[in-house]
Structure formats: C-alpha cells, structure tokens
Amino acid sequence: MLKNALLFSNLALFERLNAKITHYLRRSIFQQLLTVSDHYLSRQDSGQLFNILSTESWRTSEALQVAIRVIIGGCTVVVFVGLLLLLSWPLTLLVATAMLVITGLVRLITREVSRFGEEAVAANGKLSMRMIEGLSGMRTIRSYGRESYEQARFDTLSHNVSKIYFQLNVLTLTAHPTFEVLGAVLVLATLVISLSQEWVSLSTLLIFVLVLYQLQPRIRVIGNDYVKLLGLVSALEAVLAFLDPTDKTYITTGYQPFAEFNQAVDFENVSFCYDEESGLALNQISLSIPRGKTTALVGPSGSGKSTLINLLFRFYDPTSGKILVDGQPLTQLSIPDWRSHIALVSQDIYLFNGTVFDNIAYGRLDATEEDVISAAKRANAHEFICQLPDTYRTAVGDRGIRLSGGQRQRIALARAIVRDPEILILDEATNALDTLSESLIQEALERFSRDRTVIAIAHRLSTIEKADQIVVMQAGQIVEQGKLHQLLDKQGLFSELYRLQYNHALSNR
C-alpha cells in the first residue's frame, strides 16, 4: 500500500509538473508573438510560427518529460551500480564495459534519429502553412476550381510528414529490442565468465545477477528515452530559438504617461526602410498633423501612405528622424497609453470568431451593453444587427464570414466609435463597398469625425474634398501639400489623380 501510494503521488506530481511546463511554454510562445516587432514577424513563415505554437510546444514538453525520466533513471542506476561494486568490482567493471559497448551499438543503429527530427519540424511547418492558406483562401480556391490542385498539394505534404514520422518512430523502436537481446546476452555471459573464472562465490554471484537483472530494465529505459530524446531535440531547439530574445527586435514602450492629445503630431525628417534590399519606404518626411483637423493622405500604391500609419501606431520605429506628439518624442510615450487614443478603420476588416457584441466591445473591454448599442447606432449598424437571428449575440463566424462586406465594415466602425478615440485613422475604409453601404458609413463617419483628428488614406472624392489638408505622396516623399483648390491650381500629381477619379465617378453614373 505504501509503495502504491508513493507511486501514485509521484505520477500525480509528475503530471502536474508536465501540465505547468506545457502551459508555460505555450504562454511564453504566444507572449513572444505579441511582443516581438512587426519587422521580425514580417520575415517569418507563418506556418512555421503556427507549428511552433501548436505542435512543437507539445513535443518540447514531451522532451522535458523524457529528460526528467532519464535523470530519475540515472539516479536509480547509480544506486544499483554502487551495490554491484560492493558485491564484486571486477564483475562490475566487466558489465560496465559491456554496457558501454551495447550503448555504442544502439547509438550507431539510431544515428539518423536527430536528422529525422529536424526534417519532422520542417515538414510540420510546411503542412501547417498549407492548412492556414487552405482555410484562409477557401473562397479563392473554390472560385478558381482549384480543389483538386490544393488536395494534391496537401496530400503530398501530409504524406511526407507521415513518412518522416514513420522512419523516426521505427528507428526509435529499434532501441528496445536491441537492448533486450544484448542485455540477455550480457547476463548469460556474466554467469558463464564468473563460474568459469571462480571470481565470486555462487551465492554472491546469484545476488549479483539478481541486482543486474533489476538494473537492466532501467538502463534499457534510459537508452530508449535517450534515443527518443534525440528525435525531440529539434522541436526543443525550434522552441528555444524562437523564445531566445537575442536575435529579435522589439518595440520597447516608453514610460511617459499620455493622457490627452492637445496640439499636433509632427514628423521631422522621418525616413524608414523595411529592409536593406527594398530601399527607403519613406524618405525625409516632414509633416504636421494638427489636432481636430482632417488630413488626407493621397498617392499611388507604394507611395508610403500605409507606412506612415504604421509608424504612427509604433508598429515600427523610424530609421532616422523623429515623431513628436505635442512636442514629446513618440518613443518616450507609453505605448498602451498612446494607442488607447487611436482607432483604425480600414478596408481590411478583421472580425473575431465571436458574437457581434464581442467584436464591437473589443474596442473597449469595459464597454457596457448601452455603450455597444449606442456605438452601433452611430455607425448605422443597429438596424441590421436587430434583424440578425440573435441580434447582438449572433455569432459572426471566422473573420465575420456570415456578414456582408458592408455589415462587417459598420461593425468595425462601431468598434472604433465605442473606443471614443481622439485620433481616427481611416485606411480606404469605404473603398470596396457598394454605393448604399458607402453612403451609410460615410454618413456615420461624418458625424463621428466632428472635432476629432482624422487621418484618412483616401482615393474617394468625398473624403478628399472635405479634408482640411491634403498630403500627396509619391515614392516615399511628400510631393505636394495644401487644400483642395490650391493643389488643383498647381496642375501637378494631385490634379491628375483628382481628374482621373472625377472622370471615373462620372462614367459610373
């Protein structure tokens, strides 16, 4: 009873430790994903990151379990070896030498385990990437009739993973029978040699063989676990490499509290490049964005408009130059404080797989039901939400797939409104909508934007015409800046863009 009570306590303690380690690993990996810079994440394979979080974290936990078993088994072996030395040190040396030879043979047979472990990590990463792309691009796959093509690509990667793990597991399994057979030979050899050489008495020999018989399974388990550990080392290395902060960049928060936006955001000779190969995305940008005014950013694709917004959010820091908020360097401000004063509405809407209420309240986690409904009304979303099966408790599906584009956009706007930001950023917020949806959102935006600082990346005439200042960008530089009539009089790039947009609007009527 005592033995089984101790055994149960040991197993329960081990499982608790394992659960804590697994949770700690998953939490640390996700925390790393949340804190590492966008610059680092943009250069990583999302499939590999997903694989590290979903698969390799479990295999790392398994590796730690195996390592603990090896340590415990090693301690037991030390005790048994001590007993054998007390019984007969010549026989013990003979057995130890034989065990080293057996271990060497097993390592020789299983020398490819580490390589297969590395291949397993890489293959899992590719399969995870295919899963992510398959789920995210399902509509594109179906609309182009590429189901068979995608199935074939998935089958190839899945078969490769199965093949690698089969080879890895077969190699791992060879350790057990090898130890079993060679261990039996060792016991028999020990008996024959001892009796023929008369090194010990028969009674001592029987005790020695009994202890050796108890020792052998533990050595075999250590050998098996060691081989298994070799196959898991690559998973452990992948996780530890991702958690290692030395080769990663982070956007570190400042410690200056930020309570209220009073004057302006100033860009002073700001330059930025994503990497050395791509060159400068922004080149010596100087710009003042005054409080309470609407600033429109206009220009062809790749001119640096979105990069300017990324720097304003501090997703990245400038390569050179500085950004000042009310005269204070942005890098000195607390990031949570600063971002709490900003809200973004873009054409690339992300809704979480929850309810309408949850997605609106995400803008302010302490929002009450009245706050959410009020925000929805101001976003012209309340009417259609009330027509949904469960109104505000209706599940929207993955990325809001159960809603139309205009509905998703209005929920995103309600999410921004409930946040009550001082700075509202619009990134082509109505660019991909039908006329009715655009009209509803535009009306809501006009009401909400009064007396707020608005920064709008815009192509639509309605946004451009009502802006207090228009900033025209090209190839990472500001080429024109002013009010609408001033820029039209210059007959420059803006005038050309405006004319093309105006002609396009007329042709659609």
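The values are calculated or read from the model by the stated rules, or taken from the named source; none is laboratory data. Just so it is clear, the structure is predicted and the values come from calculations on it, not from any experiment. For neighbour counting, all protein chains shown are included, and Cβ atoms are generated from backbone atoms with ideal geometry for every residue, glycine included.
On the basis of being in contact (Cβ under 8 Å) with a residue 40 or more places away in the chain and part of a helix (DSSP H, G or I), does residue 72 make the cut? Criteria not met by residue 72. Take residue 18 and tell me if it is surrounded by 12 or more Cβ atoms within 10 Å (Cβ to Cβ), of a type in the set (S, T, N, Q) and in a helix (DSSP H, G or I). Yes: the conditions hold for residue 18. Scoring residue 274 on the criteria (1) more than 30 Å from residue 483 (Cβ to Cβ); (2) crowded, with 18+ Cβ neighbours inside 10 Å; (3) outside the structural domain of residue 60 (by TED's automatic domain parsing) leaves a single failure, condition (2). Any idea which of 25, 33, 7 is of a type in the set (A, V, I, L, M, F, W, C) and at pLDDT below 85? The unique qualifying residue is 7. Residues considered: 107, 130. Of these, the only one that is assigned to a helix (DSSP H, G or I), basic (Lys, Arg) and at pLDDT 75 or above is 130. Here the stretch 403-462 is the region considered, the condition is being in a loop (DSSP other than H, G, I, E, B) and crowded, with 21+ Cβ neighbours inside 10 Å, and the residue that is modelled with the lowest pLDDT is 430.
Note on the stretch 1-56: residues that are within 12 Å of the chain's Cα centre (by Cα) and of a type in the set (Asp, Glu) total 2.
The residues listed here are 282, 230, 297, 324; of these, the one that is surrounded by 15 or more Cβ atoms within 10 Å (Cβ to Cβ), at pLDDT below 85 and aliphatic (A, V, I, L, M) is 230. Scan the stretch 361-377 and give yes if some residue there is surrounded by fewer than 17 Cβ atoms within 10 Å (Cβ to Cβ), basic (Lys, Arg) and over 20 Å from residue 263 (Cβ atoms), otherwise no. The answer is yes, given that some residue of the stretch 361-377 is surrounded by fewer than 17 Cβ atoms within 10 Å (Cβ to Cβ), basic (Lys, Arg) and over 20 Å from residue 263 (Cβ atoms). The criterion of at least 1 residues that are over 25 Å from the mean Cα position of the chain (by Cα) is met by the following strands (runs of 3 or more DSSP E) wholly inside the stretch 270-389: 282-290, 294-298, 320-325. Between 266, 275, 244, the distinction of being of a type in the set (Asp, Glu) and within 19 Å of residue 34 (Cα to Cα) belongs to 244 only.
Taking (1) touching a Ser or Thr at 6+ places or on another chain (Cβ under 8 Å); (2) surrounded by 19 or more Cβ atoms within 10 Å (Cβ to Cβ) in turn, residue 336 satisfies each apart from (2). Among the residues in the stretch 256-270, are any more than 22 Å from residue 75 (Cα to Cα), at pLDDT below 85 and surrounded by 16 or more Cβ atoms within 10 Å (Cβ to Cβ)? The answer is no, given that none of the residues of the stretch 256-270 is more than 22 Å from residue 75 (Cα to Cα), at pLDDT below 85 and surrounded by 16 or more Cβ atoms within 10 Å (Cβ to Cβ). Residue 52 meets all of the listed conditions (1) under 20 Å from residue 228 (Cα atoms); (2) in contact with a Leu (Cβ under 8 Å, 6 or more places away or on another chain); (3) surrounded by 14 or more Cβ atoms within 10 Å (Cβ to Cβ); (4) among the hydrophobic types (A, V, I, L, M, F, W, C) but one, namely (2).
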